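Down below is the structure, laid out as structure tokens.
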Amino acid sequence: MNKLQHFTLSIEADQIAVVRLNVPDESMNVISRHTMNEIETLLDEIEKNNQIKGVVLTSGKPDSFIAGADINMINACKTKADTEELAKAGQAIFARIEKSRIPFVAAIHGICLGGGLEFSLACHYRIASDDEKTQLGLPEVKLGLLPGSGGTQRLPRLVGIQAALDIMLTGKQVRAKSALKMGLIDDLVPHSILLDTAKTLAGCGLPKRKEIKQALWAKALEKNSLGRGVLFDQALKQVEKKTLGNYPAPKRIINVVRVGIENGLVQGYQAEARGFAELSQTPQSKALRELFLATTGHKKAQTARIENALPINNVGVLGGGLMGGGIAHVSATKANLPVRLKDIKEDGILHALRHSHELLDKKVKRRFIRQSQAQKQLSLITGTTDFSGFANRDLVVEAVFEDLALKQAMVKDIEQECKPETIFASNTSSLPIADIAANAQRPENVIGLHYFSPVEKMPLVEVIPHQNTSEQTIASVLSFARKQGKTPIVVKDCAGFYVNRILAIYINEAAQLLMEGEPIDVIDKALVQFGFPVGPLKLLDEVGIDVGTKIIPILIDAYGDRFKPPAGLNTIIEDGRKGKKNRKGFYNYQKQNKWMQKIKPAPLVDESIYDLLNLDAAQSLNTEEIAQRCVVQMLNEAARCYEEGVISNAQEADIGAIFGIGFPPFLGGPLRYIDNFGIIKLVECLQSYQLRFGERFEPAKILLDYEVQNKTFYSES
């Protein structure tokens, strides 16, 4: 046999062949062209050996099975024909395994995703470890694709149509226990005996056809053509409602599954390969794949930077409000660190503990974790109204009110109460970190660590060093944020930093549209249709109108009148409208009875706001122009941030906007979108609005320069 680089093959005394995949120089196994060629070589060798009674496929990586296909392999395909041929090659290889006279057993420990799960589905048995790290899924939809190596056809026949669609349309990862329950795997065992159990199973011969594990009603629905028709039609309606037509992959997945179920496997595989190829050429998939590679590259680059990080073994949090409680929660549950929470009142501590308890209780009820795990995680958070327990904290995160004097006082307190090495991280959303550190005895230990609300859901944090922050402090905070499950980006210490700055000018334009008489729901729906998860005015309600507008004077002082909001915004604040938190904002959050909710689901626009602002709200602009006016402001400001070095590269600018404020992922981020939209076209659009509405639409200098030089942001990166 030719020398293999990715696989090793050993034949045990009981004539069971153990095949280990261990891709060199990669932390996880991925399937590449090279891997596929070696699988062919392995299968040739196994088929020639009449002594082999069974084959076990396992991983040489300590905590992962197969993470999926190499994205670069897909990107290397220049045409639809190339990509379709790639899909057919994967289908053919896995078909050889499925049709083999020798039983193949996938012994799964750690993540088993995408092409890794498709590999496993082609095996005759799947056995998994009961470790929390073991999770299975087909996340291709998140890359704008569908499973292209048989997954769309094998999975529905194994677990049922509804369960298969749920996995493929969401891209979610299924825990091993749930996988066993739905029939995705055949057995679940401790990791210590996984390989031995798999070898025993491999010697048991080929399996008999198994019944799908389904409820009787689900089985009845899927067994007849009328029921299946209803099922597929409803799935398409739900997908259209959720994606608003912005993502073509979910609809294509449903159609490909339907072809295979209704017309047979041959046509199903053909539809799958064709669908995979056509989706790969869509702008949405290209943008999503570029985003994936950008985040992966970003993480690898940061890994080198955090090599000199100080160990963070325990954490302090100042402030038991929504942000402080969220920071304490992710520090305990994600980073698995003991947290000491300080608030001036016991009620603040109780509020934070209650918040964590409610979040953990939801996980227990959904069977994501056991009750004992929830109790253990909650026990990591303790509270105090003084500084007891703070003396040896490695890191203290401040999440108190946006008041400079108060934050400076917090720095002084921590320098007095904690050890000299303690890092002080401020969760400020707007105040310059240099100002917070102005009176510090050890300014090298002071840094910004800006979370987004709700902390437990939002993946981004901005790490903001001031000019005297040490590199070791930066590295330590980056490492800590990653342990919390966050994606950190390093941004320049300036007013609004990056994410809030581009968000503020976007929301400002939505407020301008409102004051021109455009209805609240029309504005929000226009931006949701564009691709944002929530409209700008609804988002301001969620954040808190009082909180969201507090940053505006700071931005005006720093950057001028383009951040000046319309006068009506003050009227809204003076009326006591804070948004969702006091059930009074652009929308009405007053409780409705169940009968009313069925007729008009809450929240509805609070019509009284139009009288307050002396507006006769009626739509006069088309939704495309409404969305464009808001979006081009964000694009223009993102370009300025790049020009000023607020963010260090285009990739971080796009990661920050997507993970921080939900910029549409299928557009790749603000700077990627500018490149694809066309800088010349964007400048023309901004100049047109500048003539109509004034200097707030003046194009950033970098856009004018790039227009002349015929450059793009990603040609610079």
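Couple of notes before you dig in:
- Qualifying residues in the stretch 120-156 (those that are charged (D, E, K, R) and within 19 Å of Arg252 (Cβ to Cβ)) - the one surrounded by the most Cβ atoms within 10 Å (Cβ to Cβ): Glu140
- All strands (runs of 3 or more DSSP E) inside the stretch 328-413 with 2 or more residues being of a type in the set (Ser, Thr, Tyr): 381-384
- Condition met for Asp541 (out of contact with any helix residue (DSSP H, G or I) (no Cβ under 7 Å at 6 or more places or on another chain) and among the acidic types (Asp, Glu)): no
- Among residues of the stretch 442-469, those that are in a loop (DSSP other than H, G, I, E, B) and farther than 17 Å from Ser331 by Cβ, counted: 5
- Of all residue pairs spaced 6 or more apart or on separate chains, those with beta-carbon atoms under 8 Å, a first member in the stretch 612-629 that is outside any loop (DSSP other than H, G, I, E, B) and a second member that is of a type in the set (Ser, Thr, Tyr) are Leu612/Thr571; Arg629/Tyr689.
- Test result for Thr41, of a type in the set (Ser, Thr, Tyr), part of a helix (DSSP H, G or I), under 28 Å from the mean Cα position of the chain (by Cα) and assigned by TED's automatic domain parsing to the domain that holds Glu132: no
- Wholly enclosed helices (runs of 4 or more DSSP H) of the stretch 147-202 bearing at least 2 residues among the β-branched types (Val, Ile, Thr) and closer than 26 Å to Glu272 by Cβ: 151-159, 161-170
- Unmet criterion (only one of (1) in contact with a Leu (Cβ under 9 Å, 6 or more places away or on another chain); (2) modelled with pLDDT of 95 or more) for Ser178: (2)
- Of the listed requirements (1) surrounded by fewer than 23 Cβ atoms within 10 Å (Cβ to Cβ); (2) touching a residue at least 12 places away in the same chain (Cβ under 8 Å), Gly678 misses just one: (2).
- Any chance Ala437 is buried (at least 24 other Cβ atoms within 10 Å of the Cβ) and more than 28 Å from the chain's Cα centre (by Cα): yes
- Those residues of the stretch 108-126 which are outside any helix (DSSP H, G or I), farther than 15 Å from Arg175 by Cβ, over 20 Å from the mean Cα position of the chain (by Cα) and of a type outside the set (Phe, Trp, Tyr), in sequence order: Cys123, His124
- Listed by first and then second residue, the pairs with beta-carbon distance under 9 Å, at least 6 apart or on different chains, first residue in the stretch 513-537 and without any contact (Cβ under 8 Å) to a residue 40 or more places away in the chain, second assigned to a helix (DSSP H, G or I) and among the small types (Gly, Ala, Ser), are Asp524/Ala510; Gly535/Ala510; Gly535/Ala526.
Okay, residues lined up against (1) under 30 Å from Asn468 (Cα atoms); (2) β-branched (Val, Ile, Thr):
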position	(1), (2)
Ala328	yes, no
Arg354	no, no
Thr382	no, yes
Ala399	yes, no
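A quick yes/no check of all residues on (1) of a type outside the set (Gly, Ala, Ser); (2) under 30 Å from Ser285 (Cβ atoms):
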| residue | (1), (2) |
| --- | --- |
| Lys3 | yes, no |
| Ser10 | no, no |
| Ala13 | no, no |
| Asn22 | yes, yes |
| Gly60 | no, no |
| Ile74 | yes, yes |
| Lys80 | yes, yes |
| Ala87 | no, yes |
| Ile97 | yes, yes |
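- Of Asp166, Asp186, all but one fail to be of a type in the set (Asp, Glu), touching a residue at least 40 places away in the same chain (Cβ under 8 Å) and either surrounded by 17 or more Cβ atoms within 10 Å (Cβ to Cβ) or under 25 Å from Gly148 (Cβ atoms) (or both); the exception is Asp186.
- Those residues of the stretch 499-534 which are among the aromatic types (Phe, Trp, Tyr) and either surrounded by fewer than 23 Cβ atoms within 10 Å (Cβ to Cβ) or not assigned by TED's automatic domain parsing to the domain that holds Ser620 (or both), in sequence order: Phe530, Phe532
- Within the stretch 414-431, the set of residues being assigned to a helix (DSSP H, G or I) and either assigned by TED's automatic domain parsing to the domain that holds Asp546 or touching a strand residue (DSSP E or B) at 6+ places or on another chain (Cβ under 7 Å) (or both) comprises Ile414 only.
- Hits in the stretch 368-393 - residues which are in contact (Cβ under 8 Å) with a residue 40 or more places away in the chain and under 22 Å from Val455 (Cα atoms): Phe368, Gln377, Leu378, Leu380, Ile381, Thr382, Gly383, Thr384, Arg393
- Members of the stretch 94-107 found to be surrounded by 20 or more Cβ atoms within 10 Å (Cβ to Cβ) and assigned to a helix (DSSP H, G or I), listed by number: Phe94, Ile97
- Subset of the stretch 204-253 that is outside any helix (DSSP H, G or I) and surrounded by 15 or more Cβ atoms within 10 Å (Cβ to Cβ) - its residue that is modelled with the lowest pLDDT: Gln214
Per-residue answers, yes or no, for (1) free of Cβ contacts under 8 Å to residues at least 12 places away in the same chain; (2) of a type in the set (A, V, I, L, M):
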residue: Pro190; (1), (2): no, no
residue: Leu194; (1), (2): no, yes
residue: Asn224; (1), (2): yes, no
residue: Gly229; (1), (2): yes, no
residue: Gly275; (1), (2): no, no
residue: Leu279; (1), (2): no, yes
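- Asn255 being more than 30 Å from Lys99 (Cα to Cα) and either touching a strand residue (DSSP E or B) at 6+ places or on another chain (Cβ under 6 Å) or among the polar types (S, T, N, Q) (or both): no
- The set of residues in the stretch 528-545 being assigned to a helix (DSSP H, G or I) and under 22 Å from Lys584 (Cβ atoms) consists of Pro536, Leu537, Lys538, Leu539, Leu540, Asp541, Glu542, Val543, Ile545.
- Selection status of Phe659, in contact with a Gly (Cβ under 8 Å, 6 or more places away or on another chain) and either assigned to a helix (DSSP H, G or I) or in the same structural domain as Pro465 (by TED's automatic domain parsing) (or both): no
- The one condition in (1) under 29 Å from Ala198 (Cα atoms); (2) touching a residue at least 60 places away in the same chain (Cβ under 8 Å) that Ile71 fails to fulfil: (1)
- Criterion applied to Phe663, Phe713, Phe697 was being in contact with a Lys or Arg (Cβ under 9 Å, 6 or more places away or on another chain), modelled with pLDDT of 95 or more and buried (at least 21 other Cβ atoms within 10 Å of the Cβ), and the one residue passing it is Phe713.
The values are calculated or read from the model by the stated rules, or taken from the named source; none is laboratory data. In this text, all values refer to a predicted model and were calculated from it rather than measured experimentally. Reconstructed Cβ throughout: ideal geometry from the backbone, glycine too, with neighbour counts over all protein chains shown.
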